[in-house]
Amino acid sequence: METPDREIPETDLAAILDADARDNYRMVLRFRDRLLAAGSVEGCYLNLFRSGVDVPPLFIEQMAHVILRNILDGVADPLQLRAAELFFREQKATIRDGHALLADLETVQMHASGSQYGSLGRLIVEAQGATATANLDVLDRANAALYWERESRHDTVISVTFGRAALDAFCRVMEAWVFHFSNVEIRIEPIRKIEEPRWAWHIGLDAESSAILNALWSGEEVDAGRMRRILALFRMEFADPEEMRRDIARRPVYLALASDENDVVRMKPQNLILNLPLRASE
């Protein structure tokens, strides 16, 4: 602990009798060396995707959490803080009364079998039957302060349906994330659908939405069942179009958030940075 950057020779690791423990130490040291080489958490985060991910997903999620903690320091809006959890915690999606609801996946799995939050878990997992009458704490402007009491419990739900306050809060977090990494001002707004038949650029916020948008842009047919996985659509515009790629300057960029075949949302916030159509990256 006194010299966290000390070089650890392979002979020291070989002296550890337990093979799993040796592998774990190697993984942690590899991550440490990446952090030291990058000089910052942000630099390490980006370099992982540019040179090849060789650390567990948990490490990446924790880096995103640390970065967002810095970005959102001083933010008083609890809806933004709850929406930011999508960047580093998987969510379980369900549709209830026309609303696309997101609950923390780990919390749902922990309590789905029946405990203090069993009805919440069963509703999100099953989304049918008698459990559909369960009383959920869905955060909105009127009750957003609940988040302060329960943030570490990850047991609140948000709606990402068009027009809901949590969806706008999610947009503000995405804007701050892009500015923090790229120093580029953008504006992101929710939309009901993409009006352009042949749009210029899109960014999927997860693997499923990337695949769906790629298919639609290429003119492929996407069946209705798969299209229903799209939970939210967004339009991004640059404050200064001169910062965009020349071939698409002043054209909107479309974003999408989707759940997979198991109704799980696994956001890839790195897509917002790596796939941004910047002139500097041409």
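The values are calculated or read from the model by the stated rules, or taken from the named source; none is laboratory data. What you see is a predicted model, and the numbers here were worked out from it, not measured in a lab. Virtual Cβ from ideal backbone geometry, glycine too; neighbours counted across all protein chains shown. For accessibility, only protein heavy atoms count, side chains too; no ligands or nucleic acids. Shrake-Rupley method; radii C 1.70, N 1.55, O 1.52, S 1.80 Å.
Give the residues of segment 227-242 that are within 23 Å of Asn262 (Cβ to Cβ) and surrounded by 15 or more Cβ atoms within 10 Å (Cβ to Cβ), sorted by residue number.
Correct list: Arg229, Ile230, Leu231, Ala232, Leu233.
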Scanning segment 92-113 residue by residue, those crowded, with 19+ Cβ neighbours inside 10 Å and not in a helix (DSSP H, G or I) turn out to be Lys92, Ala93, Thr94, Ala100, Leu101, Leu102, Ala103, Asp104, Ala112
Any idea which of Glu220, Glu282 is surrounded by fewer than 20 Cβ atoms within 10 Å (Cβ to Cβ), without any contact (Cβ under 8 Å) to a residue 12 or more places away in the chain and either farther than 17 Å from Phe179 by Cα or small (Gly, Ala, Ser) (or both)?
-> Glu220
Filter segment 56-77 down to residues that are of a type in the set (D, E, K, R) and open to solvent by 60 Å² or more (accessible area, probe 1.4 Å) and give me whichever is farthest from the chain's Cα centre (by Cα).
-> Asp73
Looking across segment 42-55 at residues that are open to solvent by less than 40 Å² (accessible area, probe 1.4 Å) and touching a residue at least 12 places away in the same chain (Cβ under 8 Å), the single one that is farthest from Met27 (Cα to Cα) is Leu46
Output the residue which, of all residues in segment 166-215 that are part of a strand (DSSP E or B) and among the charged types (D, E, K, R), is surrounded by the most Cβ atoms within 10 Å (Cβ to Cβ).
-> Asp206
With the checklist (1) in contact with an Asp or Glu (Cβ under 7 Å, 6 or more places away or on another chain); (2) open to solvent by less than 30 Å² (accessible area, probe 1.4 Å); (3) not in a loop (DSSP other than H, G, I, E, B) in hand, flag the one item Asp260 doesn't pass.
-> (3)
